[in-house]
2 protein chains.
Amino acid sequence: MTFRRNVEIYGEGEPAVYLYKIQTGAVQTYKVLADGRRQVSGFYLTGDTFGLETDGEHAFSAEAISECKLLVIKRSALVALAARDYDVACQLLALTGTELRKVQDHILLLIKNAEERVAAFLLEMAARVPVGATVELPMSRQDIADYLGLTIETVSRTLRHLESTSTIHFSSSRRIVLRNRSALTRLNT
Amino acid sequence: MTFRRNVEIYGEGEPAVYLYKIQTGAVQTYKVLADGRRQVSGFYLTGDTFGLETDGEHAFSAEAISECKLLVIKRSALVALAARDYDVACQLLALTGTELRKVQDHILLLIKNAEERVAAFLLEMAARVPVGATVELPMSRQDIADYLGLTIETVSRTLRHLESTSTIHFSSSRRIVLRNRSALTRLNT
DNA sequence: TGCAGCGATTGATCTAAATCAAAATCGTCG
DNA sequence: CGACGATTTTGATTTAGATCAATCGCTGCA
């Protein structure tokens, strides 16, 4: 399956039919509250799996944040396979576990101040795009803000401030070079 | 196993040897950051299971918040059992899933304002202590504050404000009667 | 080449919650 | 019963980040 930028892959509350693995591109999962506030619950990049739900329906919506190629597998097929094959069951458990750790880390983010949140976000993205110190961000400032529980203005100001202290450098607004990773790590307590 | 109030059951980073089920009492899991800030990640009451970890070690510490009687099972025994018995594997998966949903809900809490957080907390506790509208809180204001990402003063003021609007009533500082559940639900958007 | 439109930045002001500082209650134990 | 320590509440002040309001600067397209 392929999806264009900004296209919804599934909606919150819909039955969870497929499990998705990203071949190329990036995806975000999110929830919109009644008053329009949005919480981005996670970003998924090449190689990541998303759409796994504990009950039959999606707890969040998912949308492509860049052009995406996805591999899909029917949830029902996977469950049937897991019933017979212990290894598959194990992998399912591991996937849920990975997701759990992701969300637990996210909670620790949300109790920190703005600079710490942004630093943690940059390190998290850098860890996932292993090559070098340059991080290519597929998501907009608004997406980052909704992930970090901040406003777009605060994200922008904080990034700008980190640049002014030579901690990071912008090649362009979506390409960031980490110039002082230990300074970021120090913020990431 | 039994534990007294305020006694640590296990510490963050320790190998996860047991899985715990609460017979009576209450437990909280938490993490303390380098600068002393504490994040309570969850409260566990009678009937709840905690201590399940995706890798071999505990991601959080656990402590008894009241006198506790716990049932324990060796993690290794459980894993061995799951390898042979599909139902056990399923239960493991379901437990991890329950935990995942708990944490996802917790994230949605943390992006809300103080009143909404407190309202959501009260409803969550009320849902778990099914009898009537009275909620007996085993945890201190500080524990609630660290769970909600607020200060103890803000929690106290918010509860007091909810009482002044007749939404709740204090039998004592740890016993709360929900007098207007729909007002709380409205805050819980 | 110029310009329309969106995403990002910057600046000024406001506010919810934090912080600092006492007081008031509550339990518990001699 | 009374007193001490802990927990909770209340009050005054500060502040980090939100909100409101422009402006800037790409990027794509005619």
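The values are calculated or read from the model by the stated rules, or taken from the named source; none is laboratory data. Model, not experiment: these values are computed from the prediction. Backbone-built Cβ (ideal geometry, glycine too); neighbour counts: all protein chains shown.
A few notes on this one:
- Looking only at residues of region B:55-79 that are closer than 30 Å to A:PHE60 by Cβ and crowded, with 19+ Cβ neighbours inside 10 Å, we find that the one that is nearest to the chain's Cα centre (by Cα) is B:ALA62.
- Condition met for B:GLN142 (within 12 Å of DNA strand D (Cβ to nearest atom) and either within 10 Å of chain A (Cβ to nearest Cβ) or surrounded by fewer than 19 Cβ atoms within 10 Å (Cβ to Cβ) (or both)): yes
- Filter result for the condition that a residue is under 25 Å from B:TYR86 (Cβ atoms) and either modelled with pLDDT of 95 or more or surrounded by 13 or more Cβ atoms within 10 Å (Cβ to Cβ) (or both), over A:THR96, A:THR46: A:THR96
- Within the option set B:VAL7, B:VAL40, B:VAL27, being within 16 Å of DNA strand C (Cβ to nearest atom), of a type in the set (A, V, I, L, M, F, W, C) and surrounded by 14 or more Cβ atoms within 10 Å (Cβ to Cβ) holds for one residue only, B:VAL40.
Matching residues to (1) closer than 30 Å to B:ALA16 by Cβ; (2) of a type in the set (A, V, I, L, M):
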residue: B:VAL72; (1), (2): yes, yes
residue: B:TYR86; (1), (2): yes, no
residue: B:ALA114; (1), (2): no, yes
residue: B:VAL129; (1), (2): yes, yes
residue: B:THR134; (1), (2): no, no
residue: B:LEU137; (1), (2): yes, yes
residue: B:TYR147; (1), (2): yes, no
residue: B:THR151; (1), (2): no, no
residue: B:THR165; (1), (2): no, no
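- Meets criteria (of a type in the set (Gly, Ala, Ser) and over 28 Å from B:VAL7 (Cβ atoms)) for B:SER156: no
- Boolean, A:VAL135 is more than 12 Å from DNA strand D (Cβ to nearest atom), away from chain B (no Cβ under 14 Å), in contact (Cβ under 8 Å) with a residue 40 or more places away in the chain and among the β-branched types (Val, Ile, Thr): yes
- Qualifying positions in region A:35-74 - in a loop (DSSP other than H, G, I, E, B) and within 14 Å of chain B (Cβ to nearest Cβ): A:ASP35, A:GLY36, A:ARG37, A:GLY51, A:LEU52, A:GLU53, A:THR54, A:ASP55, A:GLY56, A:HIS58, A:ALA59, A:PHE60
- For region B:145-157, residues that are buried (at least 18 other Cβ atoms within 10 Å of the Cβ) and within 17 Å of B:ARG175 (Cβ to Cβ) total 1.
- Qualifying positions in region A:88-120 - acidic (Asp, Glu), over 20 Å from A:PHE60 (Cβ atoms) and within 10 Å of chain B (Cβ to nearest Cβ): A:GLU116
- Test set (1) within 28 Å of B:ALA59 (Cα to Cα); (2) within 16 Å of DNA strand C (Cβ to nearest atom) - A:ARG174 fails condition number: (1)
- Top-ranked residue of region A:160-169 - restricted to ones that are farther than 26 Å from A:GLY47 by Cβ and within 12 Å of DNA strand C (Cβ to nearest atom), ranked as farthest from the other protein chains (Cβ to nearest Cβ): A:HIS169
- B:LYS31 fulfils the conditions (1) within 14 Å of chain A (Cβ to nearest Cβ); (2) more than 14 Å from the chain's Cα centre (by Cα); (3) of a type outside the set (S, T, N, Q) except for a single criterion, (2).
- In region B:80-189, counting only helices (runs of 4 or more DSSP H) that sit wholly within it, the ones holding 3 or more residues that are over 19 Å from the mean Cα position of the chain (by Cα) and under 30 Å from A:GLY97 (Cβ atoms) span B:86-110.
- With respect to the conditions (1) loosely packed, with under 15 Cβ neighbours inside 10 Å; (2) closer than 17 Å to A:ALA114 by Cβ; (3) in contact (Cβ under 8 Å) with a residue 40 or more places away in the chain; (4) away from DNA strand C (no atom under 15 Å from the Cβ), A:ARG186 lacks only one, and its number is (3).
- Candidates B:SER156, B:SER182 - the one that is within 15 Å of DNA strand D (Cβ to nearest atom) and among the hydroxyl-bearing types (Ser, Thr, Tyr): B:SER156
- Residues of region A:111-145 satisfying the condition of being under 17 Å from A:THR185 (Cα atoms) and either of a type in the set (Asp, Glu) or within 12 Å of DNA strand C (Cβ to nearest atom) (or both): A:ILE111, A:LYS112, A:ASN113, A:GLU115, A:GLU116, A:VAL118, A:GLU124
- Residue match in region B:88-99 (condition: under 17 Å from B:MET125 (Cα atoms) and either touching an Asp or Glu at 6+ places or on another chain (Cβ under 8 Å) or among the β-branched types (Val, Ile, Thr) (or both)): yes
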